1. Only residues that are among the aromatic types (Phe, Trp, Tyr) and more than 28 Å from Asn517 (Cβ to Cβ): list them for the range 334-387, please.
2. Quick one: count up the residues across the range 536-563 that are of a type outside the set (A, V, I, L, M, F, W, C), over 21 Å from Leu584 (Cβ atoms), surrounded by fewer than 20 Cβ atoms within 10 Å (Cβ to Cβ) and modelled with pLDDT under 85.
3. Provide a single number: the residues in the range 43-87 that are loosely packed, with under 12 Cβ neighbours inside 10 Å and either at pLDDT 75 or above or under 30 Å from Lys109 (Cα atoms) (or both).
4. I'd like the residue in the range 158-175 that is over 28 Å from Thr262 (Cα atoms) and of a type in the set (Val, Ile, Thr) and, out of all such residues, is modelled with the lowest pLDDT.
5. Inspect all residues belonging to the range 456-463 and state whether any of them is among the aliphatic types (A, V, I, L, M), surrounded by fewer than 17 Cβ atoms within 10 Å (Cβ to Cβ) and outside any loop (DSSP other than H, G, I, E, B).
6. All but one of (1) in contact with a helix residue (DSSP H, G or I) (Cβ under 6 Å, 6 or more places away or on another chain); (2) open to solvent by less than 20 Å² (accessible area, probe 1.4 Å) hold for Pro518, so report the exception by its number.
7. Would you kindly identify the strands (runs of 3 or more DSSP E) lying entirely within the range 548-591 that contain at least 2 residues that are over 20 Å from Ile520 (Cβ atoms)?
8. Could you list all residues from the range 368-380 that are assigned to a strand (DSSP E or B) and surrounded by fewer than 15 Cβ atoms within 10 Å (Cβ to Cβ)?
Amino acid sequence: MRARAPALPLAPAPVPGAPGADWAALAKLLPYLWHYRWRVAVALSFLVAAKLANVGVPILLKHLVDALAIQPGDPRALLVVPAGLLIAYAALRLSTTVFTELREIVFAKATEGAARSITLSVFRHLHALSLRFHLERQTGGMTRDIERGTRAVRSLISYSIYSIIPTAIEVGLVLVYLAWKFDAWFAGITLAALVVYIAFTVSLTEWRTKFRRQMNEFDSLSHSRAIDSLLNYETVKYFNNEEFEARRYDENLEKLRRATLTSQRTLSLLNTGQQLIIATALVAILWRATQGVVDGRLTLGDLVMVNAFMIQLYVPLNFLGTIYRELKQNLTDLDRMFGLLEREREVADAPDAKPLHVERGVVRFEGVSFAYDAARPILHDLDFEIPAGKTVAVVGPSGAGKSTLARLLYRFYDVSSGRITIDGQDLRGVTQESLRAAIGIVPQDTVLFNDTVEYNIAYGRPGASHDEVVAAARAARIHAFIASTPMGYETMVGERGLKLSGGEKQRVAIARTLLKNPPILIFDEATSALDSANERAIQAELQGVARDKTALVVAHRLSTVVDAHRILVMEHGRIVERGRHLELLAQGGRYAEMWRLQQSSDAAANENARQAVTA
């Protein structure tokens, strides 16, 4: 079996902004809305009621004006004040607002619920993706895509339910009324203006979408660069590269500025064209109505009504251009977020996967070969066993494939050939959740959450009590340090735990693993970054943790594994020697050579330190 290629989408994704991509994005959104279908139906009924009331306002205004069409000084003036029409006018105005707000209240749950469901689905899926995806990702750009995608969900629902459908209903009602009440010219001019307006808006928006998309790409890129630089703050400082990072960031900001200006210029062109079309239509309609009044075919009330209709249509029509632009952008943003959701899981549970049952905790690697890239194999036909309750150490030079064993045991990747079993159960046949629940790890580089010490220790078993956390900290010999800090267990550890020293972070990692209390342990060069004193102290703690548990120890320093039940020596992805410490030394092979080199190196370091103290 060959190594898997990097994760790809399930199918070729449509080009963002293309019609196929737009419809695909909408199709993916609909199932989330279907859950709230009854709310959608009620909201639409309120919407129709609001638009009927809105269209009724100009009609009542016409009757008001016509009712007041009497000569000044006429003795009937005090008797013809249309109180009923005034009340009805006010009621219609009020009902438009009331029905609109009722629609908002009813549909808010659907909007927020759909946005929450989609965002949570993406978040869960990102955690389910392979380690390869997360090693290749740009966190800043990805979080930006999720942020914009979530906002796009709300905007799409809002624009469609609150703007597009209401505008279509209102335009239809007005066209029907104008054609029925007057002549076809009024409806014809309005309809022609609407068609020209929509055609102009769609064509120009399609043309300028590429500029908006480019602007978003530069925005994501600049955001990613900024996040990457800030996460590597210490490295920037080590090499005095603040100005280099600033220039690099500014280059992206300049690209963003130019793209934004281009987008704004095309937007101004679009807005100007839209206003010209609407103004032309208004002039034609009012000219026709004015002629009708002069000819006696229309009343002043009719002129006022037509003008009110046009003003009411003008606002949503003007907004329609903005809506279309936003819809196109929202569909592009939504498509990018759904693209994350469609990334294939490189390592997925088998359809018939069962929970892992650990009885003894025997781990076996049987003929295991593996390659991150098919062109560069890492492991070659490995066979070894970690007996129940025993510790097996793996040593060797950098690049020998030692840490890859831990990743395969955790099933961050699947083996290319062979199999890995725990108590005879192939890891590919059990659920990943149950597998990882049975394994604890103390990694070489302990990364902590930017939260309290207690939160980071309790992360080993969420829901653990404070007393259990303290007990784990005592066992890891970090309780005294925590208690000596002003905030105790509420001490914040900083971004990635940078407020703690290497030894303190390692002890937190040990406490976290102790709290989890799994039957199988992995120590992946857990002391390689520590000084000798801390290394010896933590090594003793690790041995205590591993007592009566199945443990795989990946180590660079041989002095940390002399008590292991078996030591495997790896070179170029193969096991070249195996045995206990004294047995391997007696063989005089690769292990014995590595031991002599490290012992002489340690002796030289100690002598240098002694001379420095003497001087």
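The values are calculated or read from the model by the stated rules, or taken from the named source; none is laboratory data. Computed from a predicted model, the values in this text were never measured in an experiment. Using ideal geometry, Cβ is built from the backbone for each residue, glycine included, and neighbour counts are taken over all protein chains shown. Accessible surface is based on the protein model in full, side chains and every heavy atom, while ligands, DNA and RNA are left aside. Shrake-Rupley method; radii C 1.70, N 1.55, O 1.52, S 1.80 Å.
1. Passing the criteria: Phe338, Phe370, Tyr372.
2. Adding up the residues that qualify gives 4.
3. Result for the range 43-87: 1.
4. The selected residue is Ile161.
5. No, because not a single residue in the range 456-463 is among the aliphatic types (A, V, I, L, M), surrounded by fewer than 17 Cβ atoms within 10 Å (Cβ to Cβ) and outside any loop (DSSP other than H, G, I, E, B).
6. Condition not satisfied by Pro518: (1).
7. 566-571, 574-579
8. Of everything in the range 368-380, those that are assigned to a strand (DSSP E or B) and surrounded by fewer than 15 Cβ atoms within 10 Å (Cβ to Cβ) turn out to be Asp373, Arg376.
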